[in-house]
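Structure record follows, encoded as structure tokens.
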Amino acid sequence: MEIKKVTDAAFRRYGRVVQNIDFSGLVEALNTKTPLPGNVIYEPSVAELEELPVFAELQTKTYGELPIQIGYCNGKNYLLNALEYHRSSEINVAGTDAVLLVGSQQDITDDFTYDTSLVEAFLLPRGTAVELYATTLHYAPCSAGENGFRVAIVLPRDTNLPLEKEHGDWEDKLIAAKNKWLIGHAEGGLPEGAYIGLTGKNISVQE
């Protein structure tokens, strides 16, 4: 599929490049203190990343002093598998080149399905940070090459932690974790009970 750049005008409906923050320390920590497995792993909150000076700057400037968390999503992946959204923006900081597969929440149908042909791909270069707006559908990054990816994930505190209550009606059935609404693909290898609503191909960035 065509892979554009996050600096292209087409990305503006999904997010923006974060300016005026020094992410070099976070990029170094991602590449020296976090693992790079053959599959995909996600840790929502990592003390070594949250001890960096950029943590306070992100909390103050990009989240308006709301409590935040910094974790990572690392590994090797080329498939869409699912799409999720939050009630808040998410900041992705690339420790390595990565590809983001994104879409718009506005294109989810009234019966909570989404056509994967609407998904677009964007290259997130090493050292670059982007804000993905709350209405931007996204999931695990994809590898930009054969060596896998490391991406820091910044979100409001407790996002993606386990739920404490039962959920099941209307949009509620999409809730997979705290502040996380997820629509999966039947071929995405998701846990039992995940809501399956992506129609069309399970997109690969290698095609």
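Figures for the structure shown
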| read-out | value |
| --- | --- |
| Residue identified as over 19 Å from Tyr114 (Cα atoms) and either part of a loop (DSSP other than H, G, I, E, B) or open to solvent by 70 Å² or more (accessible area, probe 1.4 Å) (or both) among Lys165, Lys173, Lys201 | Lys165 |
| Filter pass, Ala134 being out of contact with any Gly (no Cβ under 8 Å at 6 or more places or on another chain), surrounded by fewer than 19 Cβ atoms within 10 Å (Cβ to Cβ), among the aliphatic types (A, V, I, L, M) and outside any strand (DSSP E or B) | yes |
| Flag for Asn74 being open to solvent by less than 10 Å² (accessible area, probe 1.4 Å), within 25 Å of Ile183 (Cβ to Cβ) and at pLDDT 95 or above | yes |
| Count of region 87-120 residues which are in contact with a Lys or Arg (Cβ under 7 Å, 6 or more places away or on another chain) and among the hydrophobic types (A, V, I, L, M, F, W, C) | 1 |
| Condition check for Leu30: in a helix (DSSP H, G or I) and surrounded by 17 or more Cβ atoms within 10 Å (Cβ to Cβ) | yes |
| Residues of region 33-87 that turn out to be more than 12 Å from the chain's Cα centre (by Cα), among the small types (Gly, Ala, Ser) and under 18 Å from Tyr139 (Cα atoms), as a count | 3 |
| Residue tally, condition in contact with a strand residue (DSSP E or B) (Cβ under 7 Å, 6 or more places away or on another chain), open to solvent by 80 Å² or more (accessible area, probe 1.4 Å) and not in a strand (DSSP E or B), over region 33-46 | 1 |
| Top-ranked residue of region 86-101 - restricted to ones that are touching an Asp or Glu at 6+ places or on another chain (Cβ under 8 Å), outside any loop (DSSP other than H, G, I, E, B) and of a type outside the set (Asp, Glu), ranked as nearest to Glu65 (Cα to Cα) | Ile91 |
| Flag for Leu49 being in contact (Cβ under 8 Å) with a residue 24 or more places away in the chain, buried (at least 21 other Cβ atoms within 10 Å of the Cβ) and in a strand (DSSP E or B) | no |
| Test: residue in region 122-130 that is in contact (Cβ under 8 Å) with a residue 60 or more places away in the chain, part of a loop (DSSP other than H, G, I, E, B) and β-branched (Val, Ile, Thr) | yes |
| Any hit, region 101-123, residues being closer than 20 Å to Glu43 by Cβ and over 11 Å from the mean Cα position of the chain (by Cα) | no |
| Scope region 115-134; condition within 18 Å of Met1 (Cα to Cα) and touching a helix residue (DSSP H, G or I) at 6+ places or on another chain (Cβ under 9 Å); matching residues | Asp115, Leu118, Glu120, Phe122 |
| Extreme residue, nearest to Leu83 (Cα to Cα), among residues of region 11-26 that are open to solvent by 10 Å² or more (accessible area, probe 1.4 Å) and part of a helix (DSSP H, G or I) | Arg13 |
| Residue match in region 132-141 (condition: farther than 19 Å from Asp8 by Cα and at pLDDT below 95) | no |
| Residue under evaluation Gly145, criteria (1) touching a strand residue (DSSP E or B) at 6+ places or on another chain (Cβ under 8 Å); (2) under 28 Å from Pro35 (Cα atoms); (3) open to solvent by less than 40 Å² (accessible area, probe 1.4 Å), criterion not met | (1) |
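The values are calculated or read from the model by the stated rules, or taken from the named source; none is laboratory data. Quantities reported herein were computed from a predicted structural model and do not represent experimental measurements. Cβ: placed from backbone, ideal geometry, glycine included. Neighbour counts: every protein chain shown. Calculation scope for accessible area: heavy atoms of the full protein, side chains included, ligands and nucleic acids excluded. Shrake-Rupley method; radii C 1.70, N 1.55, O 1.52, S 1.80 Å.
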